[in-house]
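I have placed the structure first, in the form of structure tokens, so that the comments after it can refer back to it.
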Amino acid sequence: MIEVRGLTKRYGAEKAVDGISFDVEHGEILGFLGPNGAGKTTTMKVITCYLPPTEGSVLVDGLDVTRDALAVRRRIGYLPEHTPLYGEMTVFDYLTFVADVRGIPGPEIPRRIGVMAEVCGLGEVLAKRIETLSKGYRQRVGIAQAIIHDPPILILDEPTSGLDPNQIAEIRDLIRSLGKEKTVILSTHILSEVEASCDRVLIINRGRLVADGAPSELQAHAVGGQRIRFGVQAANGAVEEVLARWGRARILDRETDGDGSVLFDLLSETSDDLRPELFHLAVDQGWVLTELHHRQIDLEDVFRRLTTEAAPA
Amino acid sequence: MKTTWTLAKRELNAAFDSPTAYVVLIAFLLIVGWFFSNTLFLSNVASLRTVFDLAPLIFMFFVPAVTMATFAEERRAGTLELLLTMPVRDRHVILGKLMAVTMLLWSAIGLTVIYALTLAVLGDPDSGAVAGGYFGLMLLALSYGAIGIFASSLTRNQIVAFILGFAIIFTLFMMDKVTEFLPGSLAGILEYLSIDYHYRNLLRGVIDSRDVLYYLSVTLFAGLLTAYNLARRPE
Ligand SMILES: Nc1ncnc2c1ncn2[C@@H]1O[C@H](COP(=O)(O)OP(=O)(O)OP(=O)(O)O)[C@@H](O)[C@H]1O
Ligand SMILES: [Mg+2]
């Protein structure tokens, strides 16, 4: 349905997207995951025919985004980051405008808007000006404008950012129900989101694809490594340096406890049990061990491992 | 064509939803009316001549005010991205905006017909000059509008768009005012490039295709520059 081949996008000298390739199958809900500036938005802008690729190609239903831009755009509904909308228009007028530009025949527009109002829960706000709406409702208007022409492909850039937990749950339900018949690509920073909504995740970091698979697959993939919680009370404060010199696990996080102990979240690449080594290390250094246990590896660990280790040396 | 009209309609609705359009129309009518009645009562001349003479200067401020939001605001709000990912070509978007701006400016010009009618009742104006003047004014508004839209596409800031639009129009207007200091051939070129030079030709009531062509070329050129700039997909 969507084929991305060796896509590179440069802004001036900077490569925002660097040789990404992937396919999206019909009916899939695909999540783009990556830290700020990873290139998620840029990739979406190329697929939606807003930006031309610098190198590589993107095909949508076999149509090239540079050569058949209009045909590709007709198949796609797009919600850009930050949900840009015309604030001075009412929801009804705005949706009428989009339907009109999208080429929906005039007599059918009110019926389509009725459907949108129902699907996206916009019934009560149709007559309100968009600038007076809450963030959650704006987001629904954004989704409504993206699906008003019933496109087979839906591209949503951070559809739940800035929403409260109830609204996030509602928008997720909406996306899941839309995903039953549509191909959906969404981007997010929120790991629980891809676990909740996506069939497949692409993790992007610094413009490169670092992982591609179902959330459960990625988790299984990471089981090779371990996550260890390690806490000590040390008279000398040099715990971090000692751990770095030891070098068997990476420090993900460091916090200090009220009783003067330092707590570390460690991530190792190997499947060996590192706890005995850590115990001996603490004994050698004269530290008082306060915590030492394994933790369940979750998608967050996979994400953090993949997006921190790829830093240029 | 239908798309262009849909886009133009949204633009016009936005203008008439806010005070902008009314302020522009009424202010233009009042300023023109003031000059008109001045000539009529103070110098006892029943003529639209002062009105036509001043219109290019008044438009120099008005048109950038009307066009400053066109692209700058869409860039700032991010709605341009949404627009350009719908099945429309960039040129439809530009044409839609130009159509809306031109319709608004031509309505402003149309309102001054009440002064022309007053004249027809009071005296016996030179109808050829009046027709030529209106025709020139409409062409002038069209090309100013296209320039203003181009200026608006260069920035996300409406105030900057206004200043840029004013500066470009002012430069084109002044072209033939500096020719005294220049050698003949260069002076001829500058004169040909001047917005005001062609307008004064039309004011004489003689409609020369070269003058018409000039305004259409300026409009087209500004449109092409806008298209070129949009194709870069500025943030
Ligand atoms: N118009 C632009 N001009 C220059 N550089 C840009 C432009 N847009 C994006 N970039 C750069 O390209 C890189 C990728 O940006 P992009 O917006 O695609 O990231 P993202 O993954 O969507 O990030 P976020 O999670 O913050 O939305 C960043 O380094 C960004 O600074
Ligand atoms: Mg982004």
Exercise. For A:Leu274, enumerate residues with amide H under 5 Å from its amide H, sequence gap 5+ or separate chain, H modeled in the peptide plane.
Key: none
Exercise. Could you tell me what % of all Cα pairs in the range A:155-309 have separations over 27 Å?
Key: 39 percent
Quiz item: Residue-wise, which Karplus ³J(HN,Hα) couplings in Hz belong to the range A:61-73, taking 6.51 cos²θ - 1.76 cosθ + 1.60, θ = phi - 60°, and x for glycine or proline?
Solution: 6, x, 9, 7, 5, 8, 8, 10, 3, 5, 5, 5, 4
Quiz item: What list of whole percents do you get for P(r) of chain A, with Cα-Cα distances grouped in 10 Å bins up to the one holding the largest distance?
Solution: 6, 23, 26, 20, 13, 8, 3, 0, 0
Self-check item: A:Asn166 paired with B:Arg91, simple spin-label distance in nm, labels 7 Å along Cα-to-beta-carbon
Solution: 5.1 nm
Quiz item: Please state the Cα pair-distance histogram of the protein assembly as shown with 10 angstrom bins from zero: what percent is in each bin?
Solution: 3, 15, 20, 18, 15, 12, 8, 5, 3, 1, 0, 0
Exercise. Using a 1.4 Å probe and counting only protein heavy atoms, arrange A:Glu118, A:Glu217, A:Glu195 so the residue with the most accessible area comes first.
Key: A:Glu118, A:Glu217, A:Glu195
Quiz item: What is the set of long-range amide H partners of A:Ala211 at a cut-off below 5 Å, with H atoms built 1.01 Å from backbone N?
Solution: A:Ile203
Quiz prompt | Heavy-atom accessible area ranking, 1.4 Å probe, most first, across A:Trp246, B:Trp106, A:Trp287 | solution = B:Trp106, A:Trp246, A:Trp287
Practice problem: Specify the angular offset, from 0 to 90 degrees and rounded to the nearest 10, of the alpha carbon long axis of helix A:165-179 from the longest principal axis of the alpha carbons in chain A. | Solution: 60 degrees
Practice problem: Multiply the residue gap between A:Asp64 and A:Ser192 by 0.36 nm, knock off their C-alpha separation, and tell me the result in nm, one decimal place. | Solution: 42.7 nm
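Could you rank A:Ser21, B:Ser153, B:Ser209 by how accessible they are, 1.4 Å probe, largest area first?
Values: A:Ser21 55, B:Ser153 0, B:Ser209 85 Å².
Result, largest first: B:Ser209, A:Ser21, B:Ser153.
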Quiz prompt | Extended-chain gain in nm, criterion 0.36 nm per residue less alpha-carbon gap, A:Thr54 and A:Arg254 | solution = 67.9 nm
Quiz item: Binning every alpha carbon pair distance of chain B at 5 Å from zero, what are the percents per bin?
Solution: 1, 7, 13, 17, 18, 15, 12, 8, 5, 2, 1, 0
Quiz item: Put +1 on the Cβ of each Lys and Arg and -1 on the Cβ of each Asp and Glu in the range A:118-168; which of A:Ile147, A:Ile130, A:Leu163 then has its Cα farthest toward the positive end of the dipole?
Solution: A:Ile130
Quiz item: Taking chain B as a Gaussian network, Cα atoms linked when under 10 Å apart, which of B:Ala151, B:Ala222, B:Ala116 shows the biggest mean-square fluctuation?
Solution: B:Ala116
Practice problem: Tabulate in residue order the Karplus-calculated ³J(HN,Hα) for the range B:54-71, using 6.51 cos²θ - 1.76 cosθ + 1.60 with θ = phi - 60°, rounded to whole Hz; enter x for Gly and Pro. | Solution: 8, 3, x, 6, 5, 4, 4, 8, 5, 5, x, 5, 6, 8, 4, 7, 2, 9
Quiz item: Too long at a 18 Å Cα-Cα cut-off: which of B:Lys2/B:Lys97; A:Lys128/B:Lys9; A:Lys15/A:Lys40; A:Lys15/A:Lys45?
Solution: A:Lys128/B:Lys9
Quiz item: What list of ³J(HN,Hα) couplings, whole Hz, do you get for the range B:17-22 from phi and the Karplus terms 6.51, -1.76, 1.60, once you set θ to phi - 60° and write x for glycine and proline?
Solution: 7, 9, x, 3, 4, 5
Quiz item: Counting only residues 5 or more places away or on other chains, whose amide H sits under 5 Å from the amide H of A:Leu154 once H atoms are built in the peptide plane?
Solution: A:Gly77, A:Thr183, A:Val184, A:Ile185
Practice problem: Report, for chain A, the % of DSSP beta bridges that are antiparallel, rounded to 5. | Solution: 70 percent
Quiz item: Given 0.36 nm per residue, what is the gain on full extension from B:Leu213 to B:Ser18 after removing their alpha carbon distance, in nm?
Solution: 66.7 nm
Quiz prompt | Residue-level accessible surface for A:Lys40, protein heavy atoms, 1.4 Å, Å² | solution = 10 Å²
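The values are calculated or read from the model by the stated rules, or taken from the named source; none is laboratory data. No experiment lies behind these values; they were computed from the predicted model shown. No Cβ is skipped: glycine too gets one built from the backbone with ideal geometry, and neighbour counts run over all protein chains shown. Accessible surface areas use protein heavy atoms only, side chains included; no ligands, DNA or RNA. Shrake-Rupley method; radii C 1.70, N 1.55, O 1.52, S 1.80 Å.
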